[in-house]
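Trainee: Could you have a look at this structure, given as structure tokens, before my questions?
The values are calculated or read from the model by the stated rules, or taken from the named source; none is laboratory data. Since the structure is predicted, the reported quantities are computational estimates derived from the model, not experimental observations. A quick note on method: Cβ atoms are made from the backbone with ideal geometry, for glycine too, and the neighbour counts reach across all protein chains shown.
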Amino acid sequence: MYILQIGELVAHLPDDFRENHSHIPWRQIKGMRNVFAHDYDNTNLEEAWVTIETDIPALATECRKILHEITEE
């Protein structure tokens, strides 16, 4: 469910925000959400596990950095 929620929220980010933080793979995040929501029979469970264990914590770290930058301005 977290993957679905994260992917859905990414879709609501303004284009300029995503462009200013292009080091984050926004399109891939949304794409993974679409697979989980619509094509779950073809979900690669090993890839999903790597996402849960590695990618989501890394994304959380990047989001904290962005929030820190925004609040410091």
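Trainee: For the range 12-29, what are the residues that are of a type in the set (Val, Ile, Thr) and either assigned to a helix (DSSP H, G or I) or more than 12 Å from the chain's Cα centre (by Cα) (or both)?
Mentor: Answer for the range 12-29, where residues must be of a type in the set (Val, Ile, Thr) and either assigned to a helix (DSSP H, G or I) or more than 12 Å from the chain's Cα centre (by Cα) (or both): just Ile29.
Trainee: I want to confirm something. Restricting to the range 48-58 and keeping residues that are farther than 17 Å from Trp26 by Cβ and within 14 Å of the chain's Cα centre (by Cα), which single residue is modelled with the lowest pLDDT? Break it down stepwise before answering.
Mentor: Step one: list which residues in the range 48-58 are farther than 17 Å from Trp26 by Cβ, which gives 48-50, 52-54, 57.
The next check asks that each one be within 14 Å of the chain's Cα centre (by Cα); those that pass are 48, 50, 52-54, 57.
Working: Ala48: 89, Val50: 93, Ile52: 93, Glu53: 96, Thr54: 96, Pro57: 97.
The qualifying residue modelled with the lowest pLDDT is Ala48.
Trainee: Return the pairs, sorted by first residue and then second, in which the second residue is surrounded by 12 or more Cβ atoms within 10 Å (Cβ to Cβ) and aliphatic (A, V, I, L, M), the first residue lies in the range 50-73 and is farther than 15 Å from His23 by Cβ, the beta carbons are less than 9 Å apart, and the residues are 6+ apart or on different chains.
Mentor: Thr51/Ile3; Thr51/Met32; Ile52/Ile3; Ile56/Ile3; Ile56/Ile6
Trainee: Can I ask one more? Checking Asp39 against (1) charged (D, E, K, R); (2) closer than 21 Å to Cys63 by Cβ; (3) surrounded by fewer than 13 Cβ atoms within 10 Å (Cβ to Cβ), only one condition comes out false. Which one?
Mentor: (2)
Trainee: A follow-up question, please. I'd like to check something: does the range 30-37 contain any residue that is of a type in the set (Val, Ile, Thr), in a helix (DSSP H, G or I) and modelled with pLDDT of 95 or more?
Mentor: No, because not a single residue in the range 30-37 is of a type in the set (Val, Ile, Thr), in a helix (DSSP H, G or I) and modelled with pLDDT of 95 or more.
Trainee: Looking at Thr51, is it assigned to a helix (DSSP H, G or I) and loosely packed, with under 12 Cβ neighbours inside 10 Å?
Mentor: no
Trainee: Among the numbered criteria (1) surrounded by 13 or more Cβ atoms within 10 Å (Cβ to Cβ); (2) without any contact (Cβ under 8 Å) to a residue 24 or more places away in the chain, which one does Asn20 miss?
Mentor: Of everything listed in (1) surrounded by 13 or more Cβ atoms within 10 Å (Cβ to Cβ); (2) without any contact (Cβ under 8 Å) to a residue 24 or more places away in the chain, Asn20 misses just condition (1).
Trainee: Only one of these conditions is not met by Leu4: (1) surrounded by 13 or more Cβ atoms within 10 Å (Cβ to Cβ); (2) within 10 Å of the chain's Cα centre (by Cα); (3) at pLDDT 95 or above. Which number is it?
Mentor: (3)
Trainee: Testing Thr61 on (1) modelled with pLDDT under 90; (2) surrounded by fewer than 12 Cβ atoms within 10 Å (Cβ to Cβ), one condition comes back false. Which one is that?
Mentor: (1) is the only condition that Thr61 fails.
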